[in-house]
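Quick notes on the structure that follows.
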Amino acid sequence: MAKKSYAWFERSRRTKLLDLAQEQITTALDTVNLLNKAMEEASKGKVAEARKHIDKLFVVEEEIDHLRTEVFKELSNGAAVFADYREDLLHLVKRLDTFADHVKDAARCIVMLGDSKIPDELWNKALKITNTLVDCATTLRKSIENISAKPDEAKKGAHKVEEIEAGIDKEYLVTKSLFIKYADQMNSGVMIIFDDMIEFLEEAADMCADTADYIVTLASSE
């Protein structure tokens, strides 16, 4: 009976931690949606409207930091109960946090670009990448939701995340190649900041794929 109760306790702790991780990715998804909206406004030259979305993004990002702290506390309390599971979940949470950091950094680049003159084709490519990043984060969230209840679906979702990330990689390379095409039309400082923004978007997508790897591991242990 005691062994059965202990097993229930372990599963309960896992469930609580997964709920916190799920809340973290849901909140992280909010930042991506806000970034996407800001990118849409910026591509139209609506700087003030873009900044409103970015200001909201910064507030949401603070909530992600709070959630990360809560997860770390819970992981520390349960260290003796499920050490191996704890380690994988810790990596997942850290990557979700880094993902949100990259999204925030991309938003900062939009702020720095302001009303700078940028070719429409480049804005459209950046917007396409953020649209796809939203899909990537949404798929990641669904995958996390399925870790305990539907582990096989969680794994399928994780593999889908990797496929979406591969598509972002291709768009990233195409976008970077356009810098040569528009080199004579852009201020060098603007080009550097825009390049940084594209880098942050690509790195956010990489974090989605890295997180997906840990989802597969966690789902396999259920």
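Some points to look at:
- Scanning the range 126-133 for any residue that is in contact with a Gly (Cβ under 7 Å, 6 or more places away or on another chain), open to solvent by less than 30 Å² (accessible area, probe 1.4 Å), at pLDDT 90 or above and of a type outside the set (Val, Ile, Thr) turns up nothing.
- Within the range 140-149, being open to solvent by 30 Å² or more (accessible area, probe 1.4 Å) and within 17 Å of Val32 (Cα to Cα) holds for Arg141, Lys142.
- Lys94 within 15 Å of the chain's Cα centre (by Cα), over 25 Å from Lys181 (Cβ atoms) and modelled with pLDDT under 90: yes
- In the range 21-78, the qualifying residues are those that are small (Gly, Ala, Ser), assigned to a helix (DSSP H, G or I) and open to solvent by 10 Å² or more (accessible area, probe 1.4 Å), and the one that is farthest from Ala219 (Cα to Cα) is Ala48.
- Within the range 103-125, being in contact with a Leu (Cβ under 9 Å, 6 or more places away or on another chain), of a type outside the set (A, V, I, L, M, F, W, C) and either buried (at least 22 other Cβ atoms within 10 Å of the Cβ) or within 22 Å of Ile164 (Cβ to Cβ) (or both) holds for Lys104, Lys125.
- Ile164 vs. criteria buried (at least 18 other Cβ atoms within 10 Å of the Cβ), β-branched (Val, Ile, Thr), at pLDDT below 95 and outside any loop (DSSP other than H, G, I, E, B): no
- Pairs are defined by a Cβ separation below 6 Å, a sequence spacing of at least 6 or placement on different chains, a first member in the range 198-222 that is surrounded by fewer than 22 Cβ atoms within 10 Å (Cβ to Cβ), and a second member that is part of a helix (DSSP H, G or I) and among the basic types (Lys, Arg); the pairs so defined are Asp210/Arg95; Val216/Lys155.
- Annotation: of all residues in the range 97-125 being under 19 Å from Glu61 (Cβ atoms) and acidic (Asp, Glu), the one that is modelled with the highest pLDDT is Asp105.
The values are calculated or read from the model by the stated rules, or taken from the named source; none is laboratory data. Quick caveat, the model's predicted, so the values are computed rather than measured. Don't worry about glycine lacking a Cβ; one is built from the backbone with ideal geometry, like all the others, and counts go over all protein chains shown. Please note that ligands, DNA and RNA were not included when accessible areas were found on the heavy atoms of the full protein model with its side chains. Shrake-Rupley method; radii C 1.70, N 1.55, O 1.52, S 1.80 Å.
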